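All remarks here apply to the structure that follows.
Read-outs: derived from the displayed coordinates by stated rules, not from any lab. As the structure is a computational prediction, the values presented were derived from the model and not from experiment. Glycine also receives a Cβ, built like all others from the backbone with ideal geometry; neighbour counts cover every protein chain displayed.
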Amino acid sequence: MVGGHNLEVNVLVNKAIRRYIEWGRYVDSFKLVTSDPRLMKTLWSHVTVGEAREMGTKNGKDTVVEFILYYFRKFDLDSVLKTFEAIGAGYANAYVYSEFGGKDSRTIILRHSMGLSASAYYGASFKALCDRLGVKCELEESEDQMTCKISNASTLKTIAPKTFKEQLAKQS
């Protein structure tokens, strides 16, 4: 694989190991897949904004929370943001993640080219996660991006009971 590229074998091996440790080992547990953005754009074009929002809300209330608890062993705003950045942008290549601001006020932008339904899905997922944390957020959705503004982020608490089951029960 290194032939014809500027990469050294060690760099390629380290990248593959890191990708497996940070992403690959969770793929089977959570039935995750990486998809071609062009295919996702076509799929999102067949989903109404209302349906996308409903799917996003359900996903944010259940599956994503389980994933965050499994991956980070805690559920807080930082783990939510890291999930959107590392998993959604870094490994799934679903969008480009940008974050601005500091501890007190944050703006998160997910840039994609998949249409308004995709923005509604990501926005509803993000809002459901923020609601579980008691975080107030303002969403703006457009054809090519979802923007979320979070205020008073420095006053948030981490939710981390002793066991994974206790943490899931506490979130419900």
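Say the cut-off is 24 Å between C-alpha atoms; which of K74/K127; K41/K127; K15/K61; K103/K136; K74/K136 go over it?
Pairs exceeding the cut-off: K15/K61.
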Can you run phi through the Karplus equation (6.51, -1.76, 1.60; θ = phi - 60°) for segment 109-122 and list ³J(HN,Hα) in whole Hz, with x for Gly and Pro? 10, 10, 9, 8, 10, 10, x, 5, 5, 5, 4, 5, 4, 4
If we sort 46-52, 101-107 on the protection proxy, mean other Cβ atoms within 10 Å, highest first, what's the order? 46-52, 101-107
Burial ranking of peptide ranges 134-147, 78-91 (average Cβ count within 10 Å, highest at the top): 78-91, 134-147
Hey, can you rank 121-130, 65-74, 12-21 by average C-beta count inside 10 Å, highest first? 121-130, 65-74, 12-21
